[in-house]
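The values are calculated or read from the model by the stated rules, or taken from the named source; none is laboratory data. Every value quoted in this text rests on a predicted model; they were computed, and no experiment measured them. Glycine gets a Cβ as well: all are built from the backbone with ideal geometry, and neighbour counts include every protein chain shown. Calculation scope for accessible area: heavy atoms of the full protein, side chains included, ligands and nucleic acids excluded. Shrake-Rupley method; radii C 1.70, N 1.55, O 1.52, S 1.80 Å.
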Amino acid sequence: IGLQEQAVLKTTCTVAALLGAAWAYSTHRRLLTGLGLGTALLLQGNAALAVLAVLVCQGLQGPGRLRRWAPLVCGLALILVPVLVRNRVVGGEWVVTTSQAGTNLYGGNSVHNPWGTPRGFPWVRGIPAYEADDWTREAERRTGRALGATEVSGFWLAEAWREASWGRLGRKAR
C-alpha cells in the first residue's frame, strides 16, 4: 500500500475537530472549544462559519464577560497566531489560514464548472504540489503583473463573483 492510500483525509480531521469543539462548548470548556475551532479552521477555511456561529452564540448569552470570552479567544489564538506569524515570515503576508479561498470558490462556481463538481482547468496541472503556482501564474497572466498570495485569492474571488450565475447555483442546489 502506497503512502497515499494510508493518508487520513483532511475532511475527517476537520469533522473530528468540530465534534470536539461542539462537545467542549456543550460542557462549557471554552479553551478546548477555541482549540478545536482553531484546528478545524486551519484544516478547512469554511470552518470559519462554525467559528462565527460559536461567537454569535457566545454573544447571545448576554453582555460579554471576560471570563466567558477569554478562554475561547485564547484557544483560537493558541492555534492561529503561530500560523499567522509563520505565514508572515515565510510568505511575507499576514494570512491566518489559507490564501486559496478565491481559487476554491472559483473552482466550484465558474462558468467552466456548471455543475460544481471537481474538475480540472486548462491552466492547472492535476498535481496538488503545483496547483497554487498554476493558479498564480494564470492570475498574473490575466492581470499582467506579479501578485502576492492574497492578491491571487482576491483575483479569483472577483472572477467567481463576476461569473456568478443564479441558474448554475440553482442546478447545484437540486
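Just a few scattered comments:
- Condition check for L42: modelled with pLDDT under 90, assigned to a helix (DSSP H, G or I), more than 13 Å from the chain's Cα centre (by Cα) and surrounded by 14 or more Cβ atoms within 10 Å (Cβ to Cβ): no
- Scanning the stretch 130-150 for residues that are without any contact (Cβ under 8 Å) to a residue 12 or more places away in the chain, closer than 21 Å to V89 by Cα and open to solvent by 60 Å² or more (accessible area, probe 1.4 Å) yields D133, A146.
- All helices (runs of 4 or more DSSP H) inside the stretch 110-174 with 3 or more residues being on the phi < 0 side of the Ramachandran plot and at pLDDT 85 or above: 128-143, 149-162
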